[in-house]
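Okay, so here's the structure we're looking at.
No lab work stands behind these numbers, since they all come straight from the coordinates. All of these numbers come straight from a predicted model, not from anything done at the bench. All Cβ positions, glycine included, derive from the backbone under ideal geometry; neighbour counts span all protein chains shown.
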Amino acid sequence: MKTIAILNHKGGTGKTTSTLNIGAGLARLKKKILLVDIDPQSNLTEGLGLRDVKTSIYNSIKDGTPLPILRISEYLDIVPSSLDLLGAEIELVSRFGRETILKKLLKEVSKDYDYVIIDCAPALGMLTVNALVSADTVLIPLEAEYFAYRGIDRLVSIIGEVRSHYNEKLTIGGVFITKKNPSRVITDQITESIKKYFNEKLFNTSIRINVALVEAQLKGISVFEYEPMSNGAKDYSKLVDEILIKI
Ligand SMILES: Nc1ncnc2c1ncn2[C@@H]1O[C@H](COP(=O)(O)OP(=O)(O)O)[C@@H](O)[C@H]1O
Ligand SMILES: [Mg+2]
C-alpha cells in the first residue's frame with residue numbers, strides 16, 4: 001500500500017481533478033483505491049456525485065471514530081469531506097498528537113488498498129500536515145503560468161519539516177503540469193523553467209486544458225467514464241502509467 005498526497009498551496013491548480021482521475025485511472029487497472037478528501041471545500045466529494053454526506057472525515061478527526069468509507073465502484077472508495085472540516089484547524093490547536101490523527105485512522109484500513117490518495121486543501125495548516133505525516137510521497141500539480149512555483153519553497157520546506165519530525169520516508173514523488181494550453185507560445189518557456197527548477201522530478205506527461213475534465217466533475221464521474229477518448233482521459237491515463245513506473 002502506498003499513500004500519495006496531492007498538494008499545492010495554491011487553489012485551482014488541478015489537485016482535485018488530478019486526485020479524482022488518477023484514482024479512477026488506477027482503479028481501471030484493477031488497483032484498489034481509497035480517495036481521501038481532506039479539503040473543507042469538499043470538491044472531490046461533490047465531484048464524485050456525493051452531496052450532504054451524514055458522516056465525513058471531520059467526525060473521525062474529531063472523535064476518533066473509524067473513517068467513513070463510501071463505495072464509488074468496485075475498485076474505488078472515498079472518505080468524504082464536509083464543510084465542518086473548516087473548524088478542525090482551530091479545534092486541533094489544543095490536541096495532543098494532532099499531527100498523527102489521520103495516519104492512525106488510515107492504518108486501520110490501509111491493508112484493504114493498493115493506493116490511498118489524499119486531496120489536500122490549498123493550505124499548509126494542520127490538515128495538510130496530517131496528510132503529509134500519513135503519506136509516502138507527494139505529487140504536486142502545477143499550472144503552466146508565471147509564478148506557478150511562487151511559494152513552492154515554503155511547501156518544500158514544510159515537507160522537509162514533516163520528514164525530519166514525523167515521517168522520514170516522505171518523498172516528493174514528482175511534479176506535473178496541469179491545464180496546459182499547447183497553442184500558447186509562452187507555455188513552452190514556462191515549462192522549460194519549471195523543468196530547470198525541478199529537474200528529474202518533473203513528469204514527462206502534462207495535462208492539457210480539456211473541457212471534458214470540467215464536465216465530468218459536474219456530472220459526478222471520472223473523465224474515463226464521461227468521455228474516454230477525450231484529451232483529458234488520454235493525458236490522465238498517460239500520467240497514471242508514469243506514476244506506476246516512478247513512484
Ligand atoms: N486540465 C484541465 N482543463 C480544464 N479545466 C480544468 C483542468 N484541470 C482542472 N480544471 C478545472 O479548474 C478548476 C480548478 O481545478 P481543481 O482540480 O478543482 O483545482 P484545485 O483542487 O487545485 O483547487 C476546476 O473547475 C476544474 O474543473
Ligand atoms: Mg481542490
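Here are a few things to note about the model shown:
- Chymotrypsin sites (Phe, Trp or Tyr not before Pro) lying in DSSP loop within the stretch 66-145, provided at most 16 other Cβ fall within 10 Å: 96
- Charged side chains reduced to their Cβ positions (Lys and Arg at +1, Asp and Glu at -1) give the chain a dipole of some 380 debye around its Cα centre.
- 14 Å beta-carbon shell around residue 39, net charge (K/R +1, D/E -1): -3
- Rounded if a/c under 1.5, otherwise prolate or oblate - the stretch 25-151, Cα gyration tensor axes: rounded
- Label point of residue 225 set 7 angstrom out along Cα-Cβ; within the stretch 18-45, amide nitrogens under 20 Å from it belong to 18-38, 42-45.
- Computed E for residue 171/residue 100 - FRET, C-beta separation, R0 22 angstrom, nearest 0.05: 0.70
- Annotation for residue 158 and residue 189: the two label points, set 7 Å from Cα along the Cα-Cβ direction, are 3.1 nm apart.
- Classified by the C-alpha gyration tensor, the stretch 1-88 has an oblate form. Its axis ratio a/c, with a ≥ b ≥ c, is 1.5 or above, and a/b does not exceed b/c.
- Selection from 93, 182, 11 lying farthest towards where the dipole of the chain points positive, charges on Cβ: 182
- Each of the trypsin sites (Lys or Arg not before Pro) that DSSP puts in a loop and that has at most 11 other Cβ atoms within 10 Å breaks the chain; the longest unbroken stretch is 55-149.
- Under the combined filter of DSSP loop state and at most 14 neighbouring Cβ atoms within 10 Å, the stretch 128-237 retains these GluC sites (Glu not before Pro): 168.
- Where chymotrypsin sites (Phe, Trp or Tyr not before Pro) fall in DSSP loop in the stretch 154-247, at most 13 other Cβ within 10 Å: none
- Shape category assigned to the chain from the gyration tensor of Cα positions, a/c cut at 1.5: oblate
- Estimated translational D of the stretch 113-211 in µm²/s (Stokes, Kirkwood radius over Cα pairs; 25 °C; 0.890 mPa s): 168
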